[in-house]
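*Asks:* Mind having a look at this structure? Questions to follow.
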Ligand code: FES
Ligand code: FES
């Protein structure tokens, strides 16, 4: 008997394996053994389980059930989105609002590639529910330059060649921005500590530290 689940063709979900392949039964529970030497629950039970607990369907139901309107200021412009408030801010920025400067690295708050500013504080947008941005000021790398002039941090990254592939750079710059807001004249050691949780797979770390030091000096302790 060919196995409906392991054959190349799609399983015929309405059809039970019962009586077609050898089975093991314990009390009310039965498992069916297929010619690929795998056990299955009956196809119809698997089908119902998929309907009730399938991840895709669950997320769709959640998406429709929890849509809400979230309004915030993005790079000095008011925006509003109607979506599941639990969605990460990262995906709303990239997918719904088209700002792809914010990068997706790990998706688990480990690497810092997705860092944006919320009320001038660095947050990891991959784990930041968009609902939490409601009524706040959000700034991405696209909103750092003013009047066509790069921010001193951006200039310093260019001058110190503080990037290679550039993937970590938006997150590095915005984390550094947040750091300099809190500590406008950091020592080299304080910069290293402040940037410790942002990863650069290209190994531009020392040049990144140089750039931040230089930007801090250029800003002369001011909060540019
Ligand atoms: S993508 Fe958010 S911390 Fe890595
Ligand atoms: S410059 Fe490539 S990851 Fe940092």
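*Asks:* When the Cα centres of region 198-219 and region 164-191 are compared, how far apart do they sit, in Å?
*Replies:* Taking the Cα centre of each part, region 198-219 and region 164-191 sit 7 Å apart.
*Asks:* Hey, fewest Cβ within 10 Å first, where do 150, 97 land in order? Numbers along the way, then the final one.
*Replies:* Details: 150 13, 97 18.
Final ranking by Cβ density, sparse to dense: 150, 97.
*Asks:* Another one. How would region 147-224 be classified by its alpha-carbon gyration tensor: rounded, prolate or oblate, with rounded meaning a/c under 1.5 and the a/b versus b/c comparison settling the rest?
*Replies:* Working: a/c = 1.69, a/b = 1.17, b/c = 1.44.
Oblate shape, in that a/c is at least 1.5 and b/c is the bigger or equal ratio.
*Asks:* For residue 197 and residue 220, what does the FRET efficiency come to when R0 = 35 Å and r is the distance between their Cβ atoms, rounded to the nearest 0.05?
*Replies:* 0.80
*Asks:* Here's a follow-up. Quick one: 124, 94, fewest Cβ neighbours within 10 Å first, how do they rank?
*Replies:* Values: 124 25, 94 19.
Lowest to highest Cβ neighbour count: 94, 124.
*Asks:* Additional query: Can you sort 175, 100, 83 by how many other beta carbons sit within 10 Å, fewest first? Provide the component values of the computation, followed by the final result.
*Replies:* On the way: 175 25, 100 14, 83 18.
Listing 175, 100, 83 from fewest to most nearby Cβ atoms yields 100, 83, 175.
Each reported figure results from applying straightforward, stated rules to the coordinates on display, with no laboratory input. The model shown is predicted, which means the values in this text are computed figures rather than measured ones. For neighbour counting, all protein chains shown are included, and Cβ atoms are generated from backbone atoms with ideal geometry for every residue, glycine included.
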